[in-house]
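Comments concern the structure below.
The values are calculated or read from the model by the stated rules, or taken from the named source; none is laboratory data. The structure displayed is predicted, hence computed values, not measured ones. Don't worry about glycine lacking a Cβ; one is built from the backbone with ideal geometry, like all the others, and counts go over all protein chains shown. Just so you know, the surface numbers come from the protein's heavy atoms only, side chains and all, with ligands and any DNA or RNA stripped out. Shrake-Rupley method; radii C 1.70, N 1.55, O 1.52, S 1.80 Å.
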Amino acid sequence: MLHRVAAIGRGDDPFTSASSPDVADDGRPTAWSDAARSAGASWADDAALDRIVQLPWATMPGAATLVSYVSEITVHTWDLAEATVQRPAWDEEAARLSAFYQ
């Protein structure tokens, strides 16, 4: 999913250019961190927040798209944490945006 978020931030078509690579289980934490850095870098330019994004289910500004994906990732993080009896260290701003969007 983070590869798709990064593609949207760059202005690429997220459904043709953003595939997740196959990663061995022990490489997942590093792959996730690398993908998160890439996504963050792709949204660093404020113009990405104003860009109109065409998704299969909506057309909206980049800012709304980004908040939607932050919410999606937050909810699924919570789901996985609950299923595996873990407690993630939440980023307060991400959690606030996620709750706001819903």
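The listed residues 16, 59 rank as 16, 59 when sorted by accessible area, largest first, using a 1.4 Å probe.
Helix 62-83 versus the longest principal axis of the chain: what angle, 0 to 90°, nearest 10, using Cα atoms? Relative to the chain, helix 62-83 is tipped by roughly 10 degrees. Between residue 59 and residue 92, the contour length at 0.36 nm per residue exceeds the Cα-Cα span by 9.1 nm.
Along the range 48-57 the Karplus relation, 6.51 cos²θ - 1.76 cosθ + 1.60 evaluated at θ = phi - 60°, assigns HN-Hα couplings of 5, 6, 8, 4, 7, 10, 9, 10, x, 9 Hz to successive residues, with x for each Gly and Pro. Rounded to the nearest 20 debye, the dipole magnitude of the range 25-102 is 100 debye, with +1 charges on Lys and Arg beta carbons, -1 on Asp and Glu beta carbons, and the Cα centre as origin. Restricted to Cα atoms, the chain shows a radius of gyration and a Dmax of 14.0, 40 angstrom. With respect to the chain, whose longest principal axis is taken over its alpha-carbon atoms, helix 92-101 is tilted by about 60°.
Estimated from helices alone, the mean residue ellipticity of the chain at 222 nm is -18500 deg cm²/dmol (sum of -39500 (n - 2.57) over DSSP H runs with n ≥ 4, per residue). When the chain is described by a simple charge dipole with +1 on each Lys and Arg Cβ and -1 on each Asp and Glu Cβ, the residue from 69, 85, 24 located farthest towards its positive end is 69. For the listed peptides 69-79, 37-47, 21-31, a ranking on the average number of other beta carbons within 10 Å per residue, highest first, reads 69-79, 37-47, 21-31.
Near residue 55, the amide H atoms lying under 5 Å from its own belong to 60; only residues 5 or more places off or on other chains count, and H is placed 1.01 Å from N. Placing 60, 1 in order of accessible area, with the largest value first and a 1.4 Å probe, yields 1, 60.
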